[in-house]
Amino acid sequence: MSLNKLAIAPLPAPPGWYAVPLRLIIRYGFFAHGYAKLLRGPDHFTGILAAIGMPFPHLLSWATVAIELVGGLMILAGALAPLVTVPMIVVLLVAIFSVHLPNGFSSIKLMSYDASGAHFGPPGYETDLLYVAGRLALSIAGAGPFSVDSYLRRRQRPAKD
């Protein structure tokens, strides 16, 4: 195979397998963020939401934790991908417009480096947009093989005689 063909040819894989690593990383991100909020105590996150002027910070705190934890598990299972996408994208959009937008696009802003290590500025909205894109891709193209959605689709097909 020529270098030109190799450069533009997709890697050989069964259809839908792109979704597996996408589901794993999105699941890890959402679940890890929800779990961290739960470990610190939802009151900690409630205080942050109140400090940035969000209405109903206690309710939003618990809703965010639930969406991140349950949504992360649903993504891992590949269950109800289009339905789960809506609340997850809402959480991301709220984070973008209430926290990250003023910090610009880049999520990594190396400010300095010294003996204690790297020091970073506030993150931008880049990572949130990547999560939005990943959720939309899984919703549009499906959760792929080894997913609850795939299993349910196979069960709904009429038997061929």
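Side notes on the structure shown:
- Residue match in the range 72-82 (condition: farther than 23 Å from residue 139 by Cβ and exposed (fewer than 15 other Cβ atoms within 10 Å of the Cβ)): no
- Among the residues making up the range 135-147, those that are hydrophobic (A, V, I, L, M, F, W, C) and within 18 Å of the chain's Cα centre (by Cα) are 136, 137, 138, 140, 141, 143.
Every residue, every condition in (1) surrounded by 17 or more Cβ atoms within 10 Å (Cβ to Cβ); (2) within 15 Å of the chain's Cα centre (by Cα); (3) modelled with pLDDT of 95 or more, yes or no:
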site	(1), (2), (3)
28	no, yes, no
34	yes, yes, yes
41	no, no, no
49	yes, no, yes
60	yes, no, yes
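- Residues of the range 106-133 satisfying the condition of being without any contact (Cβ under 8 Å) to a residue 12 or more places away in the chain and assigned to a loop (DSSP other than H, G, I, E, B): 115, 116
- The one condition in (1) in a helix (DSSP H, G or I); (2) surrounded by fewer than 17 Cβ atoms within 10 Å (Cβ to Cβ) that residue 67 fails to fulfil: (2)
- Each residue in the range 3-48 was checked for being outside any helix (DSSP H, G or I), among the aromatic types (Phe, Trp, Tyr) and under 30 Å from residue 60 (Cα atoms), and 0 pass.
- Top-ranked residue of the range 94-104 - restricted to ones that are surrounded by 13 or more Cβ atoms within 10 Å (Cβ to Cβ) and part of a helix (DSSP H, G or I), ranked as farthest from the chain's Cα centre (by Cα): 103
The values are calculated or read from the model by the stated rules, or taken from the named source; none is laboratory data. Small disclaimer: the values here were computed from a predicted structure and weren't measured. Positions of Cβ are backbone-derived with ideal geometry, glycine not excepted, and every protein chain shown enters the neighbour counts.
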